[in-house]
Amino acid sequence: MEAKIRIKYHSDEIERLRYIDGKSDWIDLRCAEEKTLKAGEFALINLGISVSLPEGYEMLIAPRSSAFKNFGLIQTNSLGVIDESYCGDEDILRMPVYAVRDTELHVNDRICQFRIIEHQPKIVFEETDTLGGPNRGGFGSTGRA
């Protein structure tokens, strides 16, 4: 089933959203402004679009794997979550970043990506004294020799 997402572009300069054929179902978002950052600076990078998601869906925004290598940027909220209530014409998507080195961003630089997911189902929390499963060694133990 296809879900329809309404997009308002705030810039004629940025490329329109599209899938990259055969590569991923994540969709790239682009910088919609020229931006210079010094090491240690925080900024909200304008992504040039507003969206209206279908009811019951949310958008996850994460940095592209190359955002740190190419630009020295860390997304400060680790993973951005946009729900269907963030749907006004001026609710422009932005990426909160921290620069670890001096860097420049240009219009159309691909800096983050998104995917759309359905809201999780309602969950009932059941308290118990034991979970009954085998222990794996605790947090951070995977991959140790």
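Across segment 53-74, the qualifying residues are those that are among the charged types (D, E, K, R) and touching a residue at least 12 places away in the same chain (Cβ under 8 Å), and the one among them that is most open to solvent (accessible area, probe 1.4 Å) is E55. Selection of segment 27-52 for residues being open to solvent by 60 Å² or more (accessible area, probe 1.4 Å) and under 15 Å from the mean Cα position of the chain (by Cα) yields only L44.
Only one entry of E104, E127, E118 meets the criterion of being of a type outside the set (A, V, I, L, M), open to solvent by 80 Å² or more (accessible area, probe 1.4 Å) and touching a Ser or Thr at 6+ places or on another chain (Cβ under 7 Å), and that entry is E104.
Within segment 91-101, can you find the residues that are β-branched (V, I, T) and either open to solvent by less than 40 Å² (accessible area, probe 1.4 Å) or over 22 Å from L47 (Cβ atoms) (or both)?
Initially, segment 91-101 is screened for residues β-branched (V, I, T), giving 92, 97, 100.
Within segment 91-101, I92, V97 qualify.
Pairs are defined by a Cβ separation below 7 Å, a sequence spacing of at least 6 or placement on different chains, a first member in segment 91-120 that is at positive phi, and a second member that is crowded, with 16+ Cβ neighbours inside 10 Å and modelled with pLDDT of 95 or more; the pairs so defined are N108/I14; N108/R30; N108/C31.
The values are calculated or read from the model by the stated rules, or taken from the named source; none is laboratory data. Fair warning: this is a prediction, and the values are worked out from it, not measured in the lab. Don't worry about glycine lacking a Cβ; one is built from the backbone with ideal geometry, like all the others, and counts go over all protein chains shown. The area values use the complete protein model at the heavy-atom level, side chains included, leaving out ligands, DNA and RNA. Shrake-Rupley method; radii C 1.70, N 1.55, O 1.52, S 1.80 Å.
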